[in-house]
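Coordinate-derived values only; no laboratory data. All of these numbers come straight from a predicted model, not from anything done at the bench. Note that each Cβ is placed from the backbone with ideal geometry, even for glycine, and that neighbours are counted across all protein chains shown.
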C-alpha cells in the first residue's frame, strides 16, 4: 500500500509541476507577444534602413524611420491603394480574394499578393531619395526575404539585403556578407533600350565585360542560392512584380512629380 501511495503521490506531484510549468509558459507567451511583434518590426525597419544606406550603429531606428513612408501598390496596375496598417502581404498572397497562385514561378514564390507594400525615403526637403521594395524567393533550402533599394532614377541599385533565410552557413549564407551585398551598389537594372538586364552570374563578372554595369558576381560554391537571388530580383523588378509600379512612378517623376 505504501508503495502504491508513493507512486500515486509522485504522479500527482509530476502532474502539478507540469501544469504549473504549462501555465507559466502560456502566460509568458501571451504577455511577450506585443514585445515580440515590436522587436520584429524594429528588425524589419532596421533592415530597410540598412538596405537604403541610412543605417549606422547606435541609430535610433524609430526616429530614422520617420523619414520613410510606407505605401501600398496594386501590382497589376502600379497604382497606390489604401490598406490598413496591419496589412500583411505574405498572408494576403495565400488568400484567394487577395492573391493568386502563380502559373509561371521562376522565383519559387508560389502565391502573389494583389497588393504589395513599398517604402519611400525622403530627405529633409521632402525629396525622394530611395525607393525600397520587399523581395522574396526560394534559394537552395529556404525562402529568402529581403529588400532592394533603388536610387531616384529607378534604375540604379542603392542596396540589397536579406533579413530572413535558411541558406547554408558559409556558402548560400554569404548573401548576408556585406562585401557581397556591396557589389550590388551602383548596378543598373535596365539596358539602354529599357529592357530588364540585371543578372547575377554563376561566377565573377569577366573583366572588361561591356555589360558589367548590369551584372553581379555570384557566390562561390552556392550556385542554387545565387540562381535564386537572380530569379527573385528579376521577378520582382519585372512585369509580374513591381514593373508596372516603377514604370508609372518613372513617368510621374519625369513629369515633375515628387510622389
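Observations on the model:
- Using a cutoff of 8 angstrom between alpha carbon atoms and counting only pairs six or more residues apart, the relative contact order for the chain works out to 15 percent.
- Springs between Cα atoms under 10 Å define the GNM used for the chain, and in it the highest mean-square fluctuation of 164, 207, 76 occurs at 207.
- The angle separating the long axis of helix 223-237 from the principal Cα axis of greatest extent in the chain is about 70 degrees.
- Backbone N within segment 98-134 under 15 Å of label point (7 Å from residue 76 Cα along the Cβ vector): 98-103, 112-116
- Computed over the chain, the per-residue total of -39500 (n - 2.57) for DSSP H runs of n ≥ 4 gives a 222 nm mean residue ellipticity of -11500 deg cm²/dmol, rounded to 500.
- Nearest-ten-degree value, helix 2-51 long axis tilted from longest Cα axis of the chain: 20 degrees
- Angle in degrees between helix 243-254 and the longest Cα principal axis of the chain, rounded to the nearest 10: 50 degrees
- Cα-based Rg / Dmax (Å) for segment 51-101: 14.9, 42
- Each principal axis of the chain carries a Cα extent, and these read 91, 43, 42 Å when sorted largest first.
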